[in-house]
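Participant: Structure below; questions to follow.
The values are calculated or read from the model by the stated rules, or taken from the named source; none is laboratory data. Computed from a predicted structure; not experimentally measured. Ideal geometry is used to build each Cβ from the backbone, glycine not excepted, and the neighbour counts take in all protein chains shown. What goes into the accessible areas is simple: the full protein's heavy atoms, side chains included, and nothing from ligands, DNA or RNA. Shrake-Rupley method; radii C 1.70, N 1.55, O 1.52, S 1.80 Å.
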Amino acid sequence: MSDDIKGKEKSLITRRKFLAGLTAGAAASALPAGEAGAYAFEELFRQHYKRLTADELKDILAKLEEEMSFKYGKEVHAKATPPIDNTVFGYALDLSRCIGCRRCVYACVKENNLSRDPQIQWIKVLEFQKGNNKWQGLEHSNRYYEPEQVPEKGRFYVPVQCQQCKKPACVKVCPVQATWQEPDGIVVVDYNWCIGCRFCMAACPYGARSFNWGKPSMPKEEFNPEIHYLGNRPQYKGVVGKCTFCIQRSRAGKYTACVEACPVGARKFGNLMDPNSEIRYVLENMKVFRLKEELDTNPKFFYFFSMGTGVKS
Amino acid sequence: MAIDAINGIVRTVVTGSKEYKAWMGFLSLLALVGIAFVFRQIDQGLIATNMRDDVSWGWYIANFTFLVGVAAAAVVLVIPYYIYDFKPIGEIVLIGEIMAVAAVSMCLMFIVLDMGSAERFWHLIPMIGIFNFPQSILTWDVVVLNMYLVLNLSLVIYALSKTYAGKSYKTKLIMPFIFFSIPAAISIHTVTAFLYLGAPARPFWNTAVLAPRFIASAFCSGPAFMLIIFQIIRKTTKLKIEDAALHKMAEIVTWCMAVNLFLLGSEVFKEMYSATAHIEPFNYLWNGLRGHNQLVPWIWTAVIVNSIAFLILIVPSIRKNFFMLNIACTFIFIGVYIEKGMGLIFPGFAPSTLGDIYDYMPNSMELWISLGVWAIGLLIFTVGAKICIAIKTGEIGHADPSAHH
Ligand code: SF4
Ligand code: SF4
């Protein structure tokens with residue numbers, strides 16, 4: 001299967017070269033009306049990602065590049081990079097460092113081409129009162145804190161995003177298998193297969209899934225043209241999306257956008273199968289825990305305190 | 001013969017009293033208004049509703065849940081008539097099945113309305129799409145609801161064509177299907193309850209008592225609704241419905257309401273006595289939570305009207321008084337309707353899994369669209385019932401109206 005997709009990647013290159021020329025040609029000429037109509041028609045009957053043949057996927061990615069280049073006025077690279085062998089991604093977050101600045105939130109929105117209006121954010125930073133003993137069940141959080149400066153005295157912060165559960169409640173309930181766990185542990189959504197029933201949102205214990213209630217929109221100049229079919233390509237009205245550990249970056253051997261954006265280095269990411277990875281270091285040397293362990297969803301997202309039990313206030 | 005029958009049916013549907021025409025006109029108008037709003041929803045997306053990520057199911061799913069319950073009306077009639085051979089119900093059992101057909105049709109409409117990408121419904125068709133069966137309980141619901149719809153529709157058509165020809169429809173051929181419709185009715189309620197109770201992320205729903213409570217409340221609200229309709233039918237048509245049939249139904253409603261209230265009590269005890277962190281949605285519903293208390297008046301209204309209805313029904317001499325019976329039925333309908341929406345779906349999402357409280361209430365568009373669906377459902381029911389009555393009373397066809405079939 002993975003060889004298969006690698007093949008698809010190769011044959012894409014020529015197409016991309018062609019496209020580069022096309023979009024460079026100044027006022028990226030309008031898609032012919034007939035072609036746009038045919039594209040919409042193809043989309044309506046498009047098969048599930050896993051059922052696409054290599055050729056079909058190649059065509060789809062090429063069309064996606066064409067459509068997005070036209071729409072956003074820049075050269076777009078659409079990929080469907082397959083999982084890397086012997087890799088399962090894991091994440092750890094140092095709660096003693098997090099200052100609640102939400103830079104990860106904004107970096108994620110930009111990287112993943114999330115809708116600005118209506119606003120969609122895949123990372124939610126929860127604020128808690130210190131001394132509040134009800135924080136681990138997340139009951140007494142405040143997501144809409146707006147202080148002049150963070151961190152605020154007497155508060156601490158718990159960023160939450162998709163926990164990439166090993167036993168994902170969301171996958172189990174989806175009636176059409178529009179969401180599934182990839183071999184590298186990333187839970188993805190096929191935005192062209194999701195029927196928008198939102199059963200997964202009722203089932204996810206971490207509020208990790210966001211629905212496109214309206215037509216997603218973002219400023220052209222902020223569009224990120226490096227897109228992945230199962231990740232940060234623009235979503236549609238009426239489908240669900242979620243954090244994919246920046247599949248477009250992690251499968252290319254890069255850190256996720258949130259890891260890079262964090263100014264205090266609270267975020268750690270890596271391959272759980274690699275004994276020398278940073279994430280393994282954290283798991284082996286820190287006392288880590290996971291949210292809502294009693295539900296046994298088995299997240300691959302860990303929390304820990306590297307210093308004492310919280311930030312000094 | 002077939003041409004005759006079709007002529008007769010068409011004539012039955014298009015002719016009728018002034019009241020009938022006014023009723024049909026009224027329903028059609030509501031349906032059209034609803035459809036107009038559906039276009040707006042399709043254009044803007046579900047953002048036109050008041051649902052948001054924190055409360056991702058709302059009024060449509062509440063109505064769906066309630067109507068799965070109404071579809072129960074049929075089985076409450078099927079059991080006494082076919083199993084216990086309680087003759088008086090024979091006149092109305094078919095109308096109960098027509099009600100089931102209408103209710104399940106409404107359920108399917110509500111589900112489609114709630115889908116964000118309804119044009120992709122074919123993804124759900126086994127073989128062509130990917131049907132995540134048996135993992136996803138939603139696929140179970142699709143199976144049982146469609147099965148129940150087809151089953152009831154076939155039973156009605158079969159029975160009416162036999163009656164039309166002047167024959168009895170209680171034949172050997174049909175009985176296995178009739179028996180099968182009983183567990184099928186139970187299954188649509190159970191599976192729908194499982195949609196919610198199978199979600200450990202939502203402590204408010206994650207209780208085993210939800211399924212039996214669902215069935216108990218469904219066996220109240222459906223028959224309560226039918227009881228009122230049967231009285232209207234016997235006033236406005238030639239169909240004779242004996243008091244005995246209505247009293248029998250009222251008796252069934254009484255005991256189901258007793259069970260419903262008992263199960264509610266168990267739930268209240270479990271939550272309040274164990275008083276874990278999971279009591280939050282429960283508090284949100286019953287007392288208000290951190291200043292959010294919009295559901296409190298609703299749930300208390302539901303409990304009070306259900307209890308009053310139960311008190312009326314429990315005394316046989318009082319429930320045999322039709323005025324009192326109608327008050328009880330109206331109360332039960334209102335009570336159970338509130339229980340399913342404001343009492344079940346909304347508090348399941350508040351506080352959210354991350355502790356936020358979003359006070360959801362449907363907006364006017366959701367209400368109009370829902371009214372439209374109800375109007376279409378009632379149109380289906382009215383047309384079905386009118387044809388059924390015309391055939392049973394011998395207005396069209398060759399039935400002998402004095403015989404019990
Ligand atoms: S956190 Fe939620 S969306 Fe992410 S894998 Fe777990 S259940 Fe699914
Ligand atoms: S909303 Fe989409 S991904 Fe979620 S359960 Fe429904 S079809 Fe599956």
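Participant: Is the stretch A:235-243 home to any residue that is open to solvent by less than 10 Å² (accessible area, probe 1.4 Å), more than 7 Å from chain B (Cβ to nearest Cβ) and more than 30 Å from B:Phe204 (Cα to Cα)?
Facilitator: no
Participant: Could you pull out the residue among A:Lys134, A:Lys79 that is open to solvent by 70 Å² or more (accessible area, probe 1.4 Å), in contact with a strand residue (DSSP E or B) (Cβ under 9 Å, 6 or more places away or on another chain) and closer than 19 Å to A:Val189 by Cα?
Facilitator: Details: A:Lys134 fails: closer than 19 Å to A:Val189 by Cα.
Residue meeting the stated conditions: A:Lys79.
Participant: May I pose another question? State all residues of the stretch B:124-140 that are assigned to a helix (DSSP H, G or I), within 16 Å of ligand 1 (Cβ to nearest atom) and more than 20 Å from the chain's Cα centre (by Cα); if no residue qualifies, say none.
Facilitator: If the condition is that a residue be assigned to a helix (DSSP H, G or I), within 16 Å of ligand 1 (Cβ to nearest atom) and more than 20 Å from the chain's Cα centre (by Cα), then no residue fits.
Participant: Looking only at residues that are within 14 Å of chain A (Cβ to nearest Cβ) and surrounded by fewer than 19 Cβ atoms within 10 Å (Cβ to Cβ) in the stretch B:141-193, which one is farthest from the chain's Cα centre (by Cα)?
Facilitator: B:Val143
Participant: Hey, another quick one. Considering only the stretch A:146-160, I want to know if a residue exists there that is within 16 Å of ligand 1 (Cβ to nearest atom), open to solvent by less than 10 Å² (accessible area, probe 1.4 Å) and either within 7 Å of chain B (Cβ to nearest Cβ) or not hydrophobic (A, V, I, L, M, F, W, C) (or both). If you could, list the steps in order and put the result at the bottom.
Facilitator: Taking the stretch A:146-160 and keeping what is within 16 Å of ligand 1 (Cβ to nearest atom), we get A:158-160.
So of that shortlist, the ones also open to solvent by less than 10 Å² (accessible area, probe 1.4 Å) come out as A:158-160.
Then keep just the ones that are either within 7 Å of chain B (Cβ to nearest Cβ) or not hydrophobic (A, V, I, L, M, F, W, C) (or both); that gives A:159-160.
For the stretch A:146-160, residues within 16 Å of ligand 1 (Cβ to nearest atom), open to solvent by less than 10 Å² (accessible area, probe 1.4 Å) and either within 7 Å of chain B (Cβ to nearest Cβ) or not hydrophobic (A, V, I, L, M, F, W, C) (or both): present.
Participant: What's the total number of residues in the stretch A:87-103 that are open to solvent by 10 Å² or more (accessible area, probe 1.4 Å) and within 20 Å of A:Gln248 (Cβ to Cβ)?
Facilitator: Here is the first cut: in the stretch A:87-103, the ones open to solvent by 10 Å² or more (accessible area, probe 1.4 Å) are A:87-89, A:97-99, A:101-103.
If we keep only those that are within 20 Å of A:Gln248 (Cβ to Cβ) too, we end up with A:87-89, A:103.
Residues flagged as open to solvent by 10 Å² or more (accessible area, probe 1.4 Å) and within 20 Å of A:Gln248 (Cβ to Cβ) within the stretch A:87-103 amount to 4.
Participant: Could you pull out the residue among A:Gly37, A:Gly73, A:Gly90 that is in contact (Cβ under 8 Å) with a residue 60 or more places away in the chain, out of contact with any strand residue (DSSP E or B) (no Cβ under 8 Å at 6 or more places or on another chain) and either under 30 Å from A:Val288 (Cβ atoms) or more than 14 Å from chain B (Cβ to nearest Cβ) (or both)? Explain how you work it out, then say what you get.
Facilitator: Working: A:Gly37 fails: in contact (Cβ under 8 Å) with a residue 60 or more places away in the chain; A:Gly90 fails: out of contact with any strand residue (DSSP E or B) (no Cβ under 8 Å at 6 or more places or on another chain).
Being in contact (Cβ under 8 Å) with a residue 60 or more places away in the chain, out of contact with any strand residue (DSSP E or B) (no Cβ under 8 Å at 6 or more places or on another chain) and either under 30 Å from A:Val288 (Cβ atoms) or more than 14 Å from chain B (Cβ to nearest Cβ) (or both) holds for just one of A:Gly37, A:Gly73, A:Gly90, which is A:Gly73.
Participant: Which pairs turn up if I take residues in the stretch B:260-288 that are open to solvent by 70 Å² or more (accessible area, probe 1.4 Å) and look for partners that are outside any loop (DSSP other than H, G, I, E, B) with beta carbon separation below 7 Å, at least 6 apart in sequence or on another chain?
Facilitator: So the pair list comes out as B:Asn287/B:Val296.
Participant: Something else now. Looking at the stretch A:151-169, I want the residues that are in a strand (DSSP E or B) and have a partner that is within 16 Å of ligand 2 (Cβ to nearest atom) and among the hydrophobic types (A, V, I, L, M, F, W, C) with Cβ atoms under 7 Å, at least 6 apart or on another chain. Which pairs are those?
Facilitator: Partner pairs satisfying both residue conditions: none exist.
Participant: Across the stretch B:350-363, what is the total count of residues that are surrounded by 20 or more Cβ atoms within 10 Å (Cβ to Cβ) and either within 26 Å of the chain's Cα centre (by Cα) or not in a loop (DSSP other than H, G, I, E, B) (or both)?
Facilitator: The total comes to 3.
Participant: While we're here: Here are some conditions: (1) within 20 Å of B:Gly384 (Cβ to Cβ); (2) within 14 Å of another protein chain (Cβ to nearest Cβ). B:Gly222 meets all but one. Which one does it not meet?
Facilitator: Unmet condition: (2).
Participant: So A:Glu260 ticks every box in (1) more than 16 Å from ligand 1 (Cβ to nearest atom); (2) closer than 22 Å to A:Cys170 by Cβ but one. Which box is left unticked?
Facilitator: Condition (2) is where A:Glu260 drops out.
Participant: Another question about this same structure. If you scan the stretch B:260-281, which residues turn out to be aliphatic (A, V, I, L, M) and closer than 23 Å to B:Thr353 by Cβ?
Facilitator: Restricting attention to the stretch B:260-281, the residues satisfying the condition of being aliphatic (A, V, I, L, M) are B:261, B:263-264, B:268, B:272, B:275, B:277, B:279.
Within the stretch B:260-281, B:Met272, B:Ala275, B:Ala277, B:Ile279 meet the criteria.
Participant: Could you list, in sequence order, the residues of the stretch A:199-246 that are in contact with a strand residue (DSSP E or B) (Cβ under 7 Å, 6 or more places away or on another chain) and more than 16 Å from ligand 2 (Cβ to nearest atom)?
Facilitator: A:Pro225, A:Glu226, A:Ile227, A:His228, A:Phe245, listed by residue number.
Participant: Is it the case that some residue within the stretch A:116-128 is part of a loop (DSSP other than H, G, I, E, B) and open to solvent by less than 10 Å² (accessible area, probe 1.4 Å)? Please lay out each step first, then the result.
Facilitator: Step one: filter the stretch A:116-128 for residues part of a loop (DSSP other than H, G, I, E, B), giving A:116-123.
From what's left, open to solvent by less than 10 Å² (accessible area, probe 1.4 Å): A:122-123.
Yes, some residue in the stretch A:116-128 is part of a loop (DSSP other than H, G, I, E, B) and open to solvent by less than 10 Å² (accessible area, probe 1.4 Å).
Participant: Scan the stretch A:173-182 and give yes if some residue there is within 16 Å of ligand 2 (Cβ to nearest atom), open to solvent by 30 Å² or more (accessible area, probe 1.4 Å) and within 11 Å of chain B (Cβ to nearest Cβ), otherwise no.
Facilitator: So the first thing to find is which residues in the stretch A:173-182 are within 16 Å of ligand 2 (Cβ to nearest atom), and the list is A:173-182.
Narrowing further to those that are open to solvent by 30 Å² or more (accessible area, probe 1.4 Å): A:177, A:181.
Adding the requirement that they be within 11 Å of chain B (Cβ to nearest Cβ) leaves A:177.
The answer is yes; a qualifying residue exists.
Participant: Also: Quick check, is B:Pro347 buried (at least 21 other Cβ atoms within 10 Å of the Cβ) and either in contact with a Phe, Trp or Tyr (Cβ under 7 Å, 6 or more places away or on another chain) or under 30 Å from B:Val33 (Cα atoms) (or both)? Lay out the reasoning, then the answer.
Facilitator: Details: buried (at least 21 other Cβ atoms within 10 Å of the Cβ): yes; either in contact with a Phe, Trp or Tyr (Cβ under 7 Å, 6 or more places away or on another chain) or under 30 Å from B:Val33 (Cα atoms) (or both): yes.
For B:Pro347, the condition - buried (at least 21 other Cβ atoms within 10 Å of the Cβ) and either in contact with a Phe, Trp or Tyr (Cβ under 7 Å, 6 or more places away or on another chain) or under 30 Å from B:Val33 (Cα atoms) (or both) - is met.
Participant: Condition (residue is surrounded by fewer than 22 Cβ atoms within 10 Å (Cβ to Cβ), assigned to a helix (DSSP H, G or I), away from every other protein chain (no Cβ under 11 Å) and on the phi < 0 side of the Ramachandran plot) applied to the stretch B:101-123: is it met by at least one residue?
Facilitator: Looking through the stretch B:101-123, at least one residue is surrounded by fewer than 22 Cβ atoms within 10 Å (Cβ to Cβ), assigned to a helix (DSSP H, G or I), away from every other protein chain (no Cβ under 11 Å) and on the phi < 0 side of the Ramachandran plot.
Participant: Modelled with pLDDT of 95 or more, within 16 Å of ligand 1 (Cβ to nearest atom) and open to solvent by 10 Å² or more (accessible area, probe 1.4 Å): which single residue out of A:Gly207, A:Gly265, A:Gly231 fits that description?
Facilitator: A:Gly207
Participant: Next question. Residues of the stretch B:45-65 being at the interface with chain A (Cβ under 9 Å from one of its Cβ atoms) and outside any helix (DSSP H, G or I), which ones?
Facilitator: Within the stretch B:45-65, B:Gly45, B:Thr49, B:Met51, B:Arg52, B:Asp53, B:Asp54, B:Ser56, B:Trp57 qualify.
Participant: Select from the stretch A:93-115 the residues that are assigned to a loop (DSSP other than H, G, I, E, B) and not polar (S, T, N, Q) and list them in ascending order. Before the answer, list the steps.
Facilitator: Initially, the stretch A:93-115 is screened for residues assigned to a loop (DSSP other than H, G, I, E, B), giving A:95-102, A:112-115.
Those that are assigned to a loop (DSSP other than H, G, I, E, B) and not polar (S, T, N, Q): A:Leu95, A:Arg97, A:Cys98, A:Ile99, A:Gly100, A:Cys101, A:Arg102, A:Leu114.
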